[in-house]
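Working notes for the structure below.
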Amino acid sequence: MLALTPADYEAVRLSIKVAVAAMVVSLPFGIAFSYLLSFGNFKGKALLEVAINLPLTLPPVVIGYLLLLLLGRRGWLGQLLDAAGIRLIFTWKAAVIAAAVVGFPLLVRSIRIGMDSVDRHLIQASRTLGAPWYDTLFSVILPLSTHGIVAGSSLMFARSLGEFGATIIVAGNIPGVTQTIPLAIYDYASTPTGEQAALVLCLVAIVLSCTVLIFHEFIAGRVAGRK
Amino acid sequence: MELRAKVMKWFGEFSLNADIDTAGTRLGIFGASGSGKSTMVNLLAGTLTPDHGSIILNGECLYSSERKIDVPPQKRRIAMVFQHPHLFPHLNVRDNLLYGFKRTAPENRKIGLTSVAGILKLEGLLERGVSNLSGGEQQRVAIGRAVLANPRLLLMDEPLSALDDQLKFQIISYLKGVCDEFAIPYVFISHSLVEMRLMADEVLNFEGGTCTGQTTAEELARRRMGGSNVGYINLLRMGRALRTDGLSTYAWGNGKLHVSAVSHTAEGMFELSSRDIMLFKKHPEAISARNLLTCRVRSTFASDNKVGVELECGGDRLVAEIVQEAARELEIREGEEVFAAIKASAFRHLA
């Protein structure tokens, strides 16, 4: 019979929590970097673009390892956080950071496509009508980039649900603490009797992903209808 | 409005190098595509930054590369009307109109929504989404939005070029009406001499990225007559049409003109090329042209290898165009009486 154990429920709960947190934490940065890439004209723009897109091409394990070096007790940021009494490595927060870094390029790409599609004359009109750049961002650019923001957030959420490589390195695979759905499946798949339990979690992952995608289509449809 | 601008801007192979020192309330910037007029407008509005130079409006420095001054667009109080309306698609008509007004300092809010909506006939449209408006309505909202920002200068960057003739002349009357009513000085940018003559007093001529001089719209039209494909365009406002035998008879000056173009309005604005007016020294006995006007030569002017003849006909004026040889043969002189023949089909209805 297909049933979830309490540990499975915890893995599902944690996966959703990590994905939502990664999405919420990344969104302001995603908007800021998309704005810079879409409207900025500065030296080093190409370099910034490469840096943002790097997680898309790097193996997640490499990202996890680099994060471990950065946030670990001997990492420069880790030392600072340690001094402030903050511990990230092998906590669910590390899983959030891993998911956020890996999904960030997808978020930025989608928002940027949305921002690139905003007619530059509208921005010009807004500025000459008395709006400073930040006012134009909130009153014109963001409302007209809603489809990109929704698409980017959904992609980021879905990518975070599936994040494995970077998470296992920086957050470990601790049931009830950092074990998300992919990590739990990995555990079951490594156990001789865990085949059915792994399948059940796979189904849960599929249902969650489909829900996100349907939500995305629904919102995208509403935004298109409003336009 | 007093404007002094000495600016340079490079874009790869194209460069703008303009030196302007002008004053007036109805200024035009005229030039062909690629002459630099839109770049100039964007530099004035602050949406582009010059590479070098200075811009001073009414004594206030808006930009100076030497003094490192660059007033941002939102603080210049220079509003723009573009070729296309470019209304904010996520806002309704009211919110579009009030976008600039809400961002205007209270002490500068002299023009309000009610009066602008009244002049531009937008009262019934305020709650509508902007995608549900016709092209003319959208452009009226764009004008209202710019005016409601209570600007000290309005820049109009080819605001009529995307409109058909009928709509163009309707919008011209709204533009002039709203700017006159609220005493807003404007800079009108166009590549159309006809629009320039209707909208501007003084005109800055732009060619190849430089301002080649300042003149009046009328003078510019006369100067370009000889080299133009359409000659000098006479703009005739006629009144009280009477339709007989397939022709409309309009009152014009102290006389009448017979026009074959169909107009559904009692009054109309027509254009007539200087090339469609034939001059006679003596009264021709019989001609097929339906209009034969007795005129007096007011003045003549040279334009390329052509001669422009300014005629006074029954209290109104027309400009005819003849070649130099014809001018010599007809002995066209100031004060001479001549007869002007115009075919009824030569008039083109504008509005």
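Read the figures in this text as sums done on the coordinates, not as results from a lab. Nothing here was measured: the structure is a model prediction, and the numbers come from that model. Positions of Cβ are generated from backbone atoms using ideal geometry, with glycine treated the same way; all protein chains shown enter the neighbour counts.
Quick check: Cα centre of the stretch B:158-210 to Cα centre of the stretch A:148-212, how many Å?
Answer, in whole Å: 63.
Of B:Lys9/B:Lys306; B:Lys282/B:Lys306; B:Lys256/B:Lys306, which ones are farther than 30 Å apart at the Cα?
Distance filter (> 30 Å) returns B:Lys9/B:Lys306.
Rounded, prolate or oblate: which fits the stretch A:172-227, taking a ≥ b ≥ c as square roots of the Cα gyration tensor eigenvalues, rounded meaning a/c under 1.5, else prolate when a/b beats b/c?
prolate
Once you treat every alpha carbon in chain B as an equal point and sum by Debye, what is log10 I(q)/I(0) at q = 0.11, 0.12, 0.13, 0.15 Å⁻¹?
After summing over all Cα pairs, the log10 values are -0.83, -0.95, -1.06, -1.23.
Let me know the mean shielding of A:113-122 by other chains, meaning the per-residue number of their Cβ atoms within 10 Å of its Cβ.
Averaged over the peptide's residues, the number is 2.
Kindly give the semi-axes, whole Å and largest first, of the ellipsoid equivalent to chain A, taking each as the square root of 5 times a Cα gyration tensor eigenvalue.
Taking √(5λ) for each Cα gyration eigenvalue gives 35, 23, 13 Å.
Once you charge only the Cβ atoms, +1 for Lys and Arg and -1 for Asp and Glu, what is the size of the charge dipole of chain B about its Cα centre, to the nearest 20 debye?
Result for chain B is approximately 780 debye, rounded to the nearest 20.
What value, in deg cm²/dmol to 500, does the helix sum -39500 (n - 2.57) over DSSP H runs of n ≥ 4 give at 222 nm once divided by the residues of chain A?
Result for chain A: -24500 deg cm²/dmol, rounded to the nearest 500.
Please arrange B:Ile287, B:Ile143 by how many other C-beta atoms lie within 10 Å of their C-beta, fewest to most.
Starting with the residue having the fewest Cβ neighbours, the order is B:Ile287, B:Ile143.
Tell me which cysteines of chain B come out unpaired when the rule is another cysteine's Cβ under 4.7 Å.
Here B:Cys61, B:Cys179, B:Cys211 come out as lacking a disulfide-compatible partner, given the Cβ-Cβ threshold of under 4.7 Å.
Placing +1 on the Cβ of each Lys and Arg and -1 on the Cβ of each Asp and Glu in the protein assembly as shown, which of B:Leu193, A:Ala7, B:Leu236 has its Cα farthest towards the positive end of the resulting dipole?
The listed residue farthest towards the positive side: A:Ala7.
Work out the mean other chain Cβ neighbour count within 10 Å for the residues of B:45-51 and drop it here as an integer.
2
Report the Rg/Rh value for the stretch B:293-351, based on alpha-carbon coordinates and the Kirkwood definition of Rh.
That ratio equals 0.99.
For the charge dipole of the stretch A:6-226, defined by +1 on Lys and Arg C-beta atoms and -1 on Asp and Glu C-beta atoms about the Cα centroid, which residue among A:Gly103, A:Ile86, A:Val140 has the Cα displaced farthest towards the positive pole?
A:Val140
If I model the protein assembly as shown as equal point scatterers sitting on the Cα atoms and use the Debye formula, what is log10 I(q)/I(0) at q = 0.10, 0.11 Å⁻¹?
Evaluating at q = 0.10, 0.11 Å⁻¹ gives log10 I(q)/I(0) of -0.95, -1.06.
When the chain is fully extended, how far beyond the present Cα-Cα distance does B:Glu123 get from B:Ala23, taking 0.36 nm per residue of separation?
32.5 nm
Quick check on the exposure proxy: order A:Cys210, B:Cys61 from fewest to most C-beta atoms within 10 angstrom.
A:Cys210, B:Cys61
To check my understanding: the extent here is largest minus smallest coordinate of the Cα atoms along each principal axis. What are those three numbers for the stretch B:233-349, in Å, largest first?
Principal extents (largest minus smallest coordinate, Cα): 41, 29, 22 Å.
Which of B:Met80, B:Gly209, B:Leu16 sits closest to the plus end of the dipole of the stretch B:2-224, meaning its Cα is farthest towards the positive end, when Lys and Arg get +1 and Asp and Glu get -1 on the C-beta?
B:Met80
Taking neighbour Cβ counts within 10 Å as the exposure measure, how do B:Ser288, B:Ser299 sort from fewest upward?
Listing B:Ser288, B:Ser299 from fewest to most nearby Cβ atoms yields B:Ser288, B:Ser299.
Partner chain Cβ atoms within 10 Å, averaged over the residues of B:92-105 - can you pull that number for me?
2
Classify the stretch B:165-306 as rounded, prolate or oblate, taking a ≥ b ≥ c as the square roots of the eigenvalues of its Cα gyration tensor: rounded when a/c is under 1.5, otherwise prolate if a/b is larger than b/c and oblate if not.
It is oblate, given that a/c is not under 1.5 and a/b is not larger than b/c.
About the Cα centre of the stretch A:103-227, how large is the charge dipole given +1 on each Lys and Arg Cβ and -1 on each Asp and Glu Cβ? Please answer in debye to the nearest 20.
Roughly 520 debye, rounded to the nearest 20.
Based on alpha-carbon centroids, what's the gap between the stretch B:67-84 and the stretch A:63-122 in Å, whole number please?
After rounding, the separation between the Cα centres reads 38 Å.
Can you give the charge dipole size of the protein assembly as shown about its Cα centre, rounded to the nearest 20 debye, using +1 on the beta carbon of Lys and Arg and -1 on the beta carbon of Asp and Glu?
Approximately 960 debye in magnitude.
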